[in-house]
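None of the figures in this text is laboratory data; all of them are computed from the coordinates on show. This is a predicted model, so every value here is computed, not measured. When we count neighbours, we look across all protein chains shown, and the Cβ atoms used for this are built from the backbone with ideal geometry, even at glycine.
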Amino acid sequence: MPESILVTGSSGFIGAWIVKDLLERQKKLVLFDRDPSQRRLTDIMSGDSHDLTTVAGDINDFPKLRTLIDEHEITSIIHLAGLQIPTCRADSLAGAQVNVGGTLAVFEAARQVGIVEQIVYASSAAVIGPEDRYPTGRIPNDAPLYPATHYGVFKQCNEGNAQIYFQDHGMNSVGLRPWTVYGVGRDQGVTSDATRAIKSAVLGRPFTFRYSGRNALQYAGDVAASFVLSALKPAEGARTYNLRGAVVEMTDFIQQIEELHPAAKGLITLSGDAIPVACDLDDAELRAYLPDLPDTSLRDGIRLTLEAFQSMQHAGTLNTADLDG
């Protein structure tokens with residue numbers, strides 16, 4: 001059976017980058033999201049239009065999800081649909097219904113249809129605890145998990161449920177744990193500040209981060225590739241992998257923006273404490289599994305994002321709603 005890939009949460013930031021990656025690989029794909037618009041995809045693909053099979057729906061609509069997988073003969077699923085930390089904090093019931101219930105719906109629908117070879121789902125570095133819970137050095141995939149938010153607990157639950165689906169039903173899966181992902185289209189969540197700082201630099205606006213300390217900064221194209229390559233390489237088991245990126249102090253991140261865009265010097269500042277999630281994560285197992293995974297340097301990732309925002313600014317298409325609100 002030819003590959004047919006379902007992407008849930010496809011209109012989100014990482015979803016858009018994954019769709020871009022799949023289109024460039026000329027893969028057959030089906031998109032499923034409450035919001036069928038593709039504004040982020042339009043931004044990152046410079047306005048190019050594509051004929052996409054897009055289905056609007058809620059991730060908890062189990063009958064629709066099951067029918068979708070069956071009718072389109074889906075062989076791999078990239079599951080991204082979810083609610084972020086602020087929403088889960090404000091409404092933990094809704095967070096559980098979407099992040100846990102929706103993920104269970106994906107696994108169960110795939111199990112019942114019986115043709116899905118691999119599910120790749122978005123876990124999160126939020127399953128990891130604060131730095132003081134771990135010994136010095138890089139944190140491996142199998143380190144103890146100490147999530148400090150509802151969101152992190154929900155993601156840990158999904159990792160556990162994926163293990164059970166493999167144990168009981170032989171459903172293969174990969175859970176990936178992004179940290180701070182940056183690039184065009186990142187406009188929501190606390191860690192969107194990294195991308196919003198780059199956009200502010202292009203606009204010549206002052207910007208203040210809501211946090212400080214160390215971060216693991218991961219370029220969106222690399223993160224998208226980790227999901228896509230995992231979906232295209234079914235392997236037995238229920239595995240979880242850390243994503244690493246560039247682990248730096250946020251002062252260093254700001255310095256690199258200023259070096260690449262000198263007009264931003266002095267515009268970007270820090271406030272608040274470090275995010276209470278350890279960031280020195282070991283991605284050796286992921287890179288052994290996906291040896292062709294790209295590794296964009298922080299400098300190159302910032303440069304690419306600056307250039308994209310500058311191009312959009314010159315074209316009059318740079319959306320500043322995430323800075324104006």
Highest-first arrangement of 20-27, 99-106, 163-170, 214-221, where packing means the average Cβ count within 10 Å: 214-221, 99-106, 20-27, 163-170
With charges only on Cβ, +1 for K and R and -1 for D and E, what is the dipole size of segment 111-228 about its Cα centre, in debye, rounded to 20? 460 debye
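What is the total of Lys pairs in the chain with C-alpha atoms under 17 Å apart, excluding same-chain pairs fewer than 8 positions apart?
On the way: K20/K28; K27/K233; K28/K233; K199/K265.
Here the count comes out as 4.
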Within the chain: Cβ-based charge dipole about Cα centre, in debye rounded to nearest 20 (Lys, Arg +1; Asp, Glu -1): 360 debye
For segment 1-66 and segment 145-160, distance of Cα centres in Å: 26 Å
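With a 10 Å radius around each residue's Cβ, average the other Cβ atoms per peptide and rank 273-284, 123-134, 193-204, highest first.
Working: 273-284: 18.6, 123-134: 20.1, 193-204: 22.6.
With the highest mean Cβ count within 10 Å placed first, the list reads 193-204, 123-134, 273-284.
Under the Kirkwood approximation for Rh and a Cα-based Rg, what ratio Rg/Rh is obtained for segment 37-160?
Numbers: Rg = 17.1 Å, Rh = 16.5 Å.
Computed over Cα atoms, the ratio is 1.03.
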Semi-axes of segment 221-275 from the Cα gyration tensor (sqrt of 5 times each eigenvalue, largest first, whole Å) come to 35, 15, 7
Using the Cα centre of the chain as origin and beta-carbon charges of +1 (Lys, Arg) and -1 (Asp, Glu), tell me which of A126, G272, L145 is placed farthest towards the positive end of the dipole. G272
Taking a quarter of the surface of the Cα convex hull of the chain, what do you get in nm²? 15.6 nm²
Projected label distance in nm at R210 and K233, using a 7 Å step from Cα toward the beta-carbon: 3.5 nm
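Taking segment 214-325 on its own, what percent of its Cα-Cα pair distances exceed 24 Å? Spell out each step's value before the answer.
Numbers: 2489 of 6216 pairs.
Tail fraction, whole percent: 40.
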Taking a cut-off of 16 Å, what percent of all Cα-Cα pairs in segment 268-309 are separated by more than that? 66 percent
Starting from the Cα of D168, move 7 Å in the Cα-to-Cβ direction to define the label point; list residues of segment 115-148 whose amide nitrogen is under 20 Å from there. 115-121
What number does segment 151-278 give for Rg over Rh if you use C-alpha atoms and the Kirkwood radius? 1.07
